[in-house]
Every structure is written in C-alpha cells, then in structure tokens.
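Q: Have a look at this one.
The values are calculated or read from the model by the stated rules, or taken from the named source; none is laboratory data. On a predicted model such as this, the values are computed, not experimentally measured, just so you know. Please note: Cβ atoms are built from the backbone with ideal geometry, for glycine as well, and neighbour counts cover all protein chains shown.
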Amino acid sequence: MSREPKEDYDWINDPFDEKKIAEERERMGMSGTSKTFVGIGCLLFVLGFIVLIGLLLFGIL
C-alpha cells in the first residue's frame, strides 16, 4: 500500500509527444524579420548606452 495515490498518466496531453512539441515551437517562434528588428533594436540600445557613457566621461553632458 502506498501512502499517496498515484497520478494517472495523461495520454491526451502527452508532454513527450514530438509532433506537439514541434507544432508548439513553430507557433511560438518568431519570424526572421521579427528577429532582425529585435537584434537591430538591441544593437541601437547598446550603442546609445555606450555613447551616453562616453559623453558623461568626457563631461560634455
């Protein structure tokens, strides 16, 4: 006799179903254009931050 009741395995929502995992990744994934815009935005943010630090160090601001 076990102390805790065993949980039944959910065959409908199988977490190890490879087809469902592939569909989920495709649905949740970003397109190439979106990734490009996010990358450009991050790059512009980092460059702006570096310029701001440079201006503060040289006392221009």
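Q: Would you mind stating whether Ile40 is β-branched (Val, Ile, Thr), within 18 Å of the chain's Cα centre (by Cα), surrounded by 10 or more Cβ atoms within 10 Å (Cβ to Cβ) and modelled with pLDDT of 95 or more? Reasoning before the result, please.
A: Values: β-branched (Val, Ile, Thr): yes; within 18 Å of the chain's Cα centre (by Cα): yes; surrounded by 10 or more Cβ atoms within 10 Å (Cβ to Cβ): yes; modelled with pLDDT of 95 or more: yes.
Here the answer is yes, as Ile40 does meet what is asked.
Q: Still on this model: So, in the range 25-61, exactly how many residues are within 30 Å of Pro15 (Cβ to Cβ) and assigned to a loop (DSSP other than H, G, I, E, B)?
A: Keep residues of the range 25-61 that are within 30 Å of Pro15 (Cβ to Cβ), which gives 25-32, 34-35, 38.
Among the residues that remain, those that are also assigned to a loop (DSSP other than H, G, I, E, B) are: 29-31.
Going through the range 25-61 one residue at a time, the tally reaches 3.
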